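Taking it in order: structure first as structure tokens, then the write-up.
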Amino acid sequence: MMKKFSSAITILLLLISGCYYDKYDKLYPPATNANCDSVNVTYAVTVRAILDNYCMSCHDATTASGGAVFDSHSNILPWAQSGQLMGDVKQLSGFVQMPPGSKLSDCDIAKLQKWVNDGAPDN
């Protein structure tokens, strides 16, 4: 009887110890996008396209939602330099979720982050 109990405990311990790696992000890592070029980022081509696709419907000169107008490099530069742009698009705590009701792709966020890290140049 004691031998069966001891064997059952050993098996149970082996089963439990075999599950130590059950962390969601380790089991299901985010998919990488092989087509995402977050290295060759320019304002004129990369950033402007993201702004046009996701931001300009609310942040053009006519609408200026939240007082933000993103129709030129000089208008978005203060938002990029202050950290507000990245806080909003990364949807960090204490920032406004942008775009409202959705989220940019990880690729687009990486592109914007690269541009900001490079000093948000007008290139």
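The values are calculated or read from the model by the stated rules, or taken from the named source; none is laboratory data. These numbers come from a predicted model, not from an experiment. Glycine also receives a Cβ, built like all others from the backbone with ideal geometry; neighbour counts cover every protein chain displayed.
If I filter segment 49-73 down to residues being farther than 14 Å from Leu104 by Cα and part of a helix (DSSP H, G or I), which single residue comes out as modelled with the highest pLDDT? Restricting to residues being farther than 14 Å from Leu104 by Cα and part of a helix (DSSP H, G or I), the top hit is His73. Among the residues of segment 97-108, those identified as over 11 Å from Tyr54 (Cβ atoms) and surrounded by 12 or more Cβ atoms within 10 Å (Cβ to Cβ) are Gln97, Asp106, Cys107. Anything in segment 86-123 that is within 24 Å of Asp37 (Cβ to Cβ), more than 12 Å from the chain's Cα centre (by Cα) and hydrophobic (A, V, I, L, M, F, W, C)? List them, or say none. The answer is Trp115, Val116, Ala120.
Mind checking which residues of segment 21-48 are modelled with pLDDT of 95 or more, buried (at least 17 other Cβ atoms within 10 Å of the Cβ) and outside any helix (DSSP H, G or I)? Selection gives Val41 alone.
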